[in-house]
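Scroll down for the structure; my scribbles are underneath it.
Just so it is clear, none of the values below were taken in a lab; they were calculated from the coordinates. Computed from a predicted structure; not experimentally measured. Don't worry about glycine lacking a Cβ; one is built from the backbone with ideal geometry, like all the others, and counts go over all protein chains shown.
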Amino acid sequence: MTQVDVPHALCQSCRQCCHFMTPPEMTPFASRLPSDPEQTDALPPEFSITGKSLSLSPSHREGFTVWTCTLLDEEKAACGAWPGHPLDCRIYPLVFTLDQGEPWIALDSTCPFSSHRPNDWFLAKALEIRDQYWNQWDDCQKRTLCHHFSLDTFPHRTLLVRLDRPQT
């Protein structure tokens, strides 16, 4: 199973990946409430958490509303669904995104870990993710994910791997 192993100490010093300013666009797919209930079933199973419910809880910090994953243990900076957390959490700071309507895997450059490895390392991981997951999913699952990406305006990213477009 491909995942990006960000050192725990680095996560403890940052914790941004479990906190969100603008749900649902930047949140794990498992936390999003679909407008069409049929689309939830079409999500690839890798985005589900077995036996756990992932949701976001709002709080106010420094004048902003911050949404925090309910599976996050704030004191330990640890995920309550570990190691069975959703795929998009396991591969962060790599993210599924859109660019001009086309699906990509990109690197979120706001994550401190993004500067701890060269882009070629992240590119190799993105290719593994494409081959292990994207290339195995059917077009219905890919369309559902693209519908949920909503990240055409993802602000701080480096596009790494363009994904094949699902058939309509």
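A few notes on this one:
- Going from the fewest other Cβ atoms within 10 Å to the most, the residues W104, W137 appear in the order W137, W104.
- Residues whose placed amide H lies under 5 Å from that of S55, excluding near-sequence neighbours: T70, L71
- In this label model, S59 and S115 are separated by 2.6 nm, measuring between points 7 Å along each Cα→Cβ vector.
- Here the dipole of the chain is about 280 debye; that uses its Cα centre as origin and unit charges on the Cβ of Lys and Arg (positive) and Asp and Glu (negative).
- Residue order, fewest to most beta carbons within 10 Å, for I129, I49: I49, I129
- Highest mobility in the GNM of the chain, judged by mean-square fluctuation with C-alpha springs under 10 Å and restricted to P118, P103, P45, is found for P118.
- Extension gain, E74 back to A124 (0.36 nm per residue minus Cα-Cα distance, nm): 14.9 nm
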